[in-house]
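Novice: Provided herewith is a single structure, encoded as structure tokens, for subsequent inquiry.
The values are calculated or read from the model by the stated rules, or taken from the named source; none is laboratory data. Worth saying up front: this structure is predicted, and the values here are computed from it rather than measured. In this analysis, Cβ positions are derived from the backbone assuming ideal geometry, glycine residues included, and neighbour counts consider all displayed protein chains. What goes into the accessible areas is simple: the full protein's heavy atoms, side chains included, and nothing from ligands, DNA or RNA. Shrake-Rupley method; radii C 1.70, N 1.55, O 1.52, S 1.80 Å.
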Amino acid sequence: MKNQKKQNQASSLSQRALLVHVNISQWTGRKTDKKATDTVIKAHKTDASAGSYTKRLLPGAKELEAVSTISTQIRKFFYENTLPWMSDGSRIISAKNHLKFSGEMRKLAAEFETAASDFEAAYPRLQNASQKILGNLYNAQEYPAHQEIRGKFKCETNYLPLPDVSDFRVEVSESEKRAFVEKIKETESAAMRSVWERLHEVVKAAAEKLASPDAIFRDSLLANVSEMCSLLPALNISEDSKLEDARKELEKLVGVYSADSLRADKKQRKDAAKKLQDVTDKMGAFMGGKK
């Protein structure tokens, strides 16, 4: 009966969550120049282990920077809206959040593709310009051919169902099944702990900053708490009632104050700091005494 309950828990997670993997690749436009490195080593009479000279093949190329910017945005959105899974780069996403998440990822991927295409179009011009900028450091052999450059940029998002005991296609022992179920349970617990830690970190930072009467803080101090609260329903894959209670309490709490009023009213600031600290302490208890 106990083993059946554990198997049902594992099956339940497979119904509540999906695996998602994002693969982004791009040409960096950077190259270690051995000749320049040797020159520096000889000029400064230093050892080769002291460092190397890395050059930008397309200095000041805004089109390439634009691709890097959107890549950073994609990774940020991916990690904010997902939970850790295993070491293969895959992460967990709530099934309830799939439509919203996938819609935003398609939008970001489209922006990536546009930026990569804009760079491809500008590539010959940028390469010509770099020849003048780099001078003797320019080496045409270090640049991919124009017809090859677009293929060096890729942004893919793949979704897979979470593994389940019923997915086994070969005969396995009961002990192997129990080990599998236990591993799923441990992974879910680790994922949920990461949610608690993310929430705890942002609330603790706000409480500590407000508790210091003379400390300067940005408007984003409370906005960060609100933003984290808005993510929680999608991240709460275990439907943890304590996490939901904390979310509601924090939303109500930060909704009462504004950054301007906290700066102007020391009593209100002290009150907000205490209430945030109380929530932080309660979360610490749920997380095993984390301070």
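Novice: Looking at the stretch 217-238 only, could you name the residues that are open to solvent by 50 Å² or more (accessible area, probe 1.4 Å) and farther than 23 Å from PHE77 by Cβ?
Specialist: none
Novice: Right, next: Among the residues that make up the stretch 102-116, is at least one of them in contact with a Cys (Cβ under 7 Å, 6 or more places away or on another chain), surrounded by 15 or more Cβ atoms within 10 Å (Cβ to Cβ), hydrophobic (A, V, I, L, M, F, W, C) and touching a residue at least 24 places away in the same chain (Cβ under 8 Å)?
Specialist: Yes, that holds for at least one residue.
Novice: Please state which one of LYS270, LYS282 is outside any loop (DSSP other than H, G, I, E, B), out of contact with any His (no Cβ under 8 Å at 6 or more places or on another chain), open to solvent by 20 Å² or more (accessible area, probe 1.4 Å) and within 26 Å of LEU235 (Cβ to Cβ).
Specialist: Result: LYS282 is the single residue among LYS270, LYS282 that is outside any loop (DSSP other than H, G, I, E, B), out of contact with any His (no Cβ under 8 Å at 6 or more places or on another chain), open to solvent by 20 Å² or more (accessible area, probe 1.4 Å) and within 26 Å of LEU235 (Cβ to Cβ).
Novice: Test LEU160 against the stated conditions and say whether it is open to solvent by 40 Å² or more (accessible area, probe 1.4 Å) and not in a helix (DSSP H, G or I).
Specialist: Details: open to solvent by 40 Å² or more (accessible area, probe 1.4 Å): yes; not in a helix (DSSP H, G or I): yes.
So LEU160 passes the test.
Novice: Going through the stretch 203-223 one residue at a time, which ones are of a type outside the set (Gly, Ala, Ser) and assigned to a helix (DSSP H, G or I)?
Specialist: VAL203, LYS204, GLU208, LYS209, LEU210, LEU221, LEU222
Novice: Scan the stretch 132-140 and give yes if some residue there is of a type in the set (Lys, Arg) and in a helix (DSSP H, G or I), otherwise no. Full working, then the answer.
Specialist: Applying the first criterion (of a type in the set (Lys, Arg)) to the stretch 132-140 yields 132.
Adding the requirement that they be in a helix (DSSP H, G or I) leaves 132.
Among the residues of the stretch 132-140, at least one is of a type in the set (Lys, Arg) and in a helix (DSSP H, G or I), which makes the answer yes.
Novice: So, ALA129, is that one of a type in the set (A, V, I, L, M, F, W, C), in a helix (DSSP H, G or I) and open to solvent by 40 Å² or more (accessible area, probe 1.4 Å) or not?
Specialist: For ALA129, the condition - of a type in the set (A, V, I, L, M, F, W, C), in a helix (DSSP H, G or I) and open to solvent by 40 Å² or more (accessible area, probe 1.4 Å) - is met.
Novice: Still on this structure, please answer the following. If the Cβ limit is 6 Å and pairs must be 6+ apart or interchain, which residue in the stretch 164-185 that is assigned to a loop (DSSP other than H, G, I, E, B) pairs with which residue that is at pLDDT 70 or above?
Specialist: Correct list of pairs: ASP164/SER14.
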